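Take a look at the structure set out below.
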Amino acid sequence: MKIITTPMCEDVLKIAGLTDYNVVKPTDIKDADFAILLSETKSEIPKISIKLNTYKQLYQSIKLIEKKFNTKSNKKSLEKIENLILENNQKRSNRRKINVKVYSKFLNDTIDDMGYNICDKDYDYVIIPDYMNIKINDEKQVILVPSHKNVSKDVIQRITDRYELLEKKLCMKQ
């Protein structure tokens, strides 16, 4: 069985214990039995959709791959993710007071998981990914979050970097 994935997803396959796959560019998703791809990535071949915006999504994606391909996940990595989920959950209630407008689905998932209040009016800050070109009147309120090419390939580090950036920028300003 030929399995393909993209560079943004490869680390998840490694953690899930899958070893027999090929990494391709998102433009070269073809000629395989399965593709393991981000949920928003289009594919003409059968696809297993994964989400990697939050620690919980990462954990669920690893377990999905492990179950589908009967592999054994890296226990140390799973424990690290479980601890990060617990750590994040302990901070959620303190963040609820901060009102945030979010411009992107992946950042919406992250902000929601962190416990911030997502709203379209009377917001304190605007969160946008670095690929969006949006003009915001009060630039002091804008937090630009790295995505795609400007992030670590290490999926745990990538999520951690986003959470830490948002925590620092949002909670420091209160």
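The values are calculated or read from the model by the stated rules, or taken from the named source; none is laboratory data. Fair warning: this is a prediction, and the values are worked out from it, not measured in the lab. Counting neighbours? That spans all protein chains shown, and the Cβs are built from the backbone with ideal geometry, glycine included. The protein model used for the area step is the full one, side chains on, heavy atoms only, and it has no ligands, DNA or RNA in it. Shrake-Rupley method; radii C 1.70, N 1.55, O 1.52, S 1.80 Å.
In the structure shown, the pairs Lys63/Lys168; Lys76/Lys168; Lys42/Lys149; Lys42/Lys105; Lys76/Lys149 are assessed against 24 Å; a Cα-Cα span above that value is assigned to Lys63/Lys168; Lys76/Lys168; Lys76/Lys149.
Comparing Asn83, Asn137, Asn53 in a Gaussian network model of the chain (Cα springs below 10 Å), the most mobile by mean-square fluctuation is Asn137.
How large, in Å, is the range 71-173 by the Kirkwood hydrodynamic radius built from its alpha-carbon pairs?
After inverting the pairwise mean of 1/r, the radius is 14.6 Å.
When the Gaussian network model of the chain links Cα atoms closer than 10 Å, the mean-square fluctuations of Phe34, Phe69, Phe106 top out at Phe69. Comparing Asn74, Val23, Cys171 along the charge dipole axis of the range 22-174, the residue lying farthest to the positive side is Asn74, per the Cβ-charge model. Based on DSSP H segments of at least four residues, each scored -39500 (n - 2.57), the chain has a per-residue ellipticity at 222 nm of -13500 deg cm²/dmol. Here the contact order of the range 82-174, divided by its residue count and restricted to Cα pairs under 8 Å and six or more residues apart, works out to 23 percent. Shown here for the range 87-132: trypsin sites (Lys or Arg not before Pro) in loop regions (DSSP other than H, G, I, E, B) with at most 16 other Cβ atoms within 10 Å, namely Arg96, Lys97, Lys121. Entry note, the chain: relative contact order of 17 percent, from Cα contacts under 8 Å with a spacing of 6+ residues. Carbon-plus-sulfur accessible fraction, the chain (probe radius 1.4 Å, protein heavy atoms only): 47%.
Taking the empirical scaling 2.2 N^0.38 Å for compact globular proteins as reference, the range 6-45 has a Cα radius of gyration ratio of 1.09.
Between Asn99 and Glu82, the distance separating the two model label sites (each 7 Å from Cα on the Cα→Cβ line) works out to 4.0 nm. Debye-formula intensities of the range 1-159, expressed as log10 I(q)/I(0) at q = 0.13, 0.18, 0.19, 0.20 Å⁻¹, are -0.68, -1.12, -1.19, -1.26 (one equal scatterer per alpha-carbon, no solvent). Largest GNM mean-square fluctuation across Lys75, Lys25, Lys135, computed for the chain with C-alpha springs under 10 Å, falls on Lys135.
A viscosity of 0.890 mPa s and a temperature of 25 °C, combined with the Kirkwood radius over C-alpha pairs in the Stokes-Einstein formula, give the range 22-92 a diffusion coefficient of 180 µm²/s. How much FRET efficiency would the formula 1/(1 + (r/R0)^6) give for Lys135 and Gln157, where r is the Cβ-Cβ distance and R0 is 30 Å, rounded to 0.05? Computed FRET efficiency for Lys135 and Gln157: 0.45. Rolling a 1.4 Å probe across the protein heavy atoms gives the chain an accessible surface of 58 Å² per residue.
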